[in-house]
Amino acid sequence: MAKQIKIFDTTLRDGEQVPGCKLNHSQKLIVARQLEELGVDVLEAGFPVSSPGDFKAVEMISKALRNTTICALSRSVENDIKVAAEALKYAKFPRIHTGIGTSPDHIKYKFNSTPDLIIERARAAVRYAKKFVEDVEFYAEDAGRTDNEYLAQVIQAVVDEGATVLNIPDTTGYCMPDEYGAKIKYLAEHVKGIHKCDISAHCHNDLGMATANSIAAVLGGATQIECTINGIGERAGNTALEEVVMILNHRYKDEYRTNIKTPMLNPMSRLVADSMSMPVQANKAIVGDNAFAHSSGIHQDGVIKHRANYEIIDPRIVGVDHSRIVLTARSGRAALAYRSKNVGYDLSKDELDIVYQKFIDIADRQTEVNDTDLNNMLQSIFKRAI
Ligand code: KIV
Ligand code: ZN
């Protein structure tokens, strides 16, 4: 039976902290409701101690959502944890997410501390959080650059204190997939009692590896992926939810499953892009404008003959009505005939030859020939020539 992988969405926390992506409360509520509908298992709603606005957002989302676990971030600081617990008071399934930096750089330059003292702070934070909620997730910030043996000691300490989820963030997007997957496997094999917890992948995209690393983590034993819609997030972003979900759905169907309703992926992407004024790059996997668009003659001919020649996913599975055949100067006769038929002209071979000459003339002068251009061109030709 396929193993369940939990999807932890942090669009409203790690995603929203990006400059320019700030949402007001009603926008956050709309996004949160849509994420619940999409099927995320956990929704990280904010960092309550950071501002009264974030506190209110977590509280509001906690009241509104009834099926999803609501998570609030904190540092390993008692007041952060207490405030997170207050903000989560109305949540049906509350989770406190607490943690501390564990890499040599973080220990020395962020905390001016020692490895042993960091373990003590991690342990104390989880112990304190457990006074408020049962579900406590611990993050070892910069775990990507933390030595595996020491990381296992930190994780052992928090497992012993009752942490339910163990987040192993590659905070700086430093790891390669084989390293990150091996790190997760190492922890799974060396921490006693870890099988009772979820191991969570939280990857950043500084080297463009966030998606690959998250999948490597799952192969290494992780049972939760932390991600954002459209991959928005600090610097180069976080793991893109739509990418990891579709990789699991499409390439590992027999091994893994998620609760995500994939036909909602494109509408969800547009909602986040529009409300955050953060456009999605056209060539973005799954949700980019060009993800199911074909513009070269060879590809267009192939797709018209048999969609799977050049598409590995049926666009309807991710909420796109149909593939697009884009008419440009690179298009061939097959694409022109196909698009002409769509606007009501079923051209014979001779007609197509005539139309094609005129089409190439126009296409050479503009980037794309849209339906209006096509209609105008066909009308003018048929009035005069055919
Ligand atoms: O990237 C990171 O380490 C984080 C933690 C705060 C979970 O976002
Ligand atoms: Zn992060």
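The values are calculated or read from the model by the stated rules, or taken from the named source; none is laboratory data. Nothing here was measured: the structure is a model prediction, and the numbers come from that model. Cβ sites come from the backbone with ideal geometry, for glycine too, and all protein chains shown count toward neighbours. Calculation scope for accessible area: heavy atoms of the full protein, side chains included, ligands and nucleic acids excluded. Shrake-Rupley method; radii C 1.70, N 1.55, O 1.52, S 1.80 Å.
So, in region 227-238, of the ones that are within 13 Å of ligand 2 (Cβ to nearest atom) and under 8 Å from the mean Cα position of the chain (by Cα), which residue ends up farthest from Asp254 (Cα to Cα)?
Checking each candidate, the answer is Ile232.
Before we move on, is Leu117 free of Cβ contacts under 8 Å to residues at least 60 places away in the same chain and open to solvent by 30 Å² or more (accessible area, probe 1.4 Å)?
Here the answer is yes, as Leu117 does meet what is asked.
Could you tell me which of the residues Glu189, Glu243 is open to solvent by less than 60 Å² (accessible area, probe 1.4 Å), modelled with pLDDT of 95 or more and away from ligand 1 (no atom under 13 Å from the Cβ)?
Going through Glu189, Glu243 in turn, the sole match is Glu243.
Among (1) open to solvent by less than 10 Å² (accessible area, probe 1.4 Å); (2) farther than 24 Å from Ala201 by Cα, where does Lys108 come up short?
Single failed check for Lys108: (1).
Give the number of residues within region 14-59 that are within 16 Å of ligand 1 (Cβ to nearest atom), open to solvent by less than 10 Å² (accessible area, probe 1.4 Å) and in a helix (DSSP H, G or I).
So the count comes out to 4.
Of everything in region 120-150 that's of a type in the set (Ser, Thr, Tyr) and more than 13 Å from ligand 1 (Cβ to nearest atom), which residue is farthest from Pro169 (Cα to Cα)?
Per the criteria, the residue is Tyr128.
If a residue has to be in contact (Cβ under 8 Å) with a residue 40 or more places away in the chain and not hydroxyl-bearing (Ser, Thr, Tyr) to count, how many in region 49-74 make the cut?
4
Return the residues of region 137-149 that are closer than 27 Å to Arg235 by Cα and free of Cβ contacts under 8 Å to residues at least 60 places away in the same chain; say none if nothing qualifies.
Phe138, Ala140, Glu141, Asp142, Ala143, Gly144, Arg145, Thr146, Asp147, Asn148
Hand me the list of helices (runs of 4 or more DSSP H) wholly inside region 239-339 holding 3 or more residues that are more than 16 Å from the chain's Cα centre (by Cα).
The helices (runs of 4 or more DSSP H) meeting that bar are 297-305.
So Ile313 clears everything in (1) of a type in the set (A, V, I, L, M, F, W, C); (2) open to solvent by less than 30 Å² (accessible area, probe 1.4 Å); (3) touching an Asp or Glu at 6+ places or on another chain (Cβ under 9 Å); (4) not assigned by TED's automatic domain parsing to the domain that holds Val18 except one condition, right? Which one?
Here Ile313 clears every test but (3).
Restricting to region 141-183, give me the number of residues that are under 20 Å from the mean Cα position of the chain (by Cα) and away from ligand 2 (no atom under 16 Å from the Cβ).
The total comes to 3.
Do you know which residues across region 1-13 are under 22 Å from Ser74 (Cα atoms) and either more than 16 Å from ligand 1 (Cβ to nearest atom) or crowded, with 24+ Cβ neighbours inside 10 Å (or both)?
Phe8, Asp9, Thr10, Thr11, Leu12, Arg13, listed by residue number.
Does Val77 count as hydrophobic (A, V, I, L, M, F, W, C), open to solvent by 40 Å² or more (accessible area, probe 1.4 Å) and away from ligand 2 (no atom under 16 Å from the Cβ)?
It is true that Val77 is hydrophobic (A, V, I, L, M, F, W, C), open to solvent by 40 Å² or more (accessible area, probe 1.4 Å) and away from ligand 2 (no atom under 16 Å from the Cβ).
How many residues does region 151-181 hold that are out of contact with any strand residue (DSSP E or B) (no Cβ under 7 Å at 6 or more places or on another chain) and either open to solvent by 30 Å² or more (accessible area, probe 1.4 Å) or closer than 16 Å to Gly220 by Cα (or both)?
Counting residues in region 151-181 that are out of contact with any strand residue (DSSP E or B) (no Cβ under 7 Å at 6 or more places or on another chain) and either open to solvent by 30 Å² or more (accessible area, probe 1.4 Å) or closer than 16 Å to Gly220 by Cα (or both) gives 12.
Do you know which residues across region 206-230 are touching a Ser or Thr at 6+ places or on another chain (Cβ under 8 Å) and open to solvent by less than 10 Å² (accessible area, probe 1.4 Å)?
Listed by number, the residues that qualify are Ala210, Asn213, Ser214, Ala222, Gln224, Ile225, Glu226, Cys227, Thr228, Ile229.
Can you tell me how many residues in region 151-186 are within 16 Å of ligand 1 (Cβ to nearest atom) and either closer than 16 Å to Ile118 by Cβ or among the aliphatic types (A, V, I, L, M) (or both)?
12
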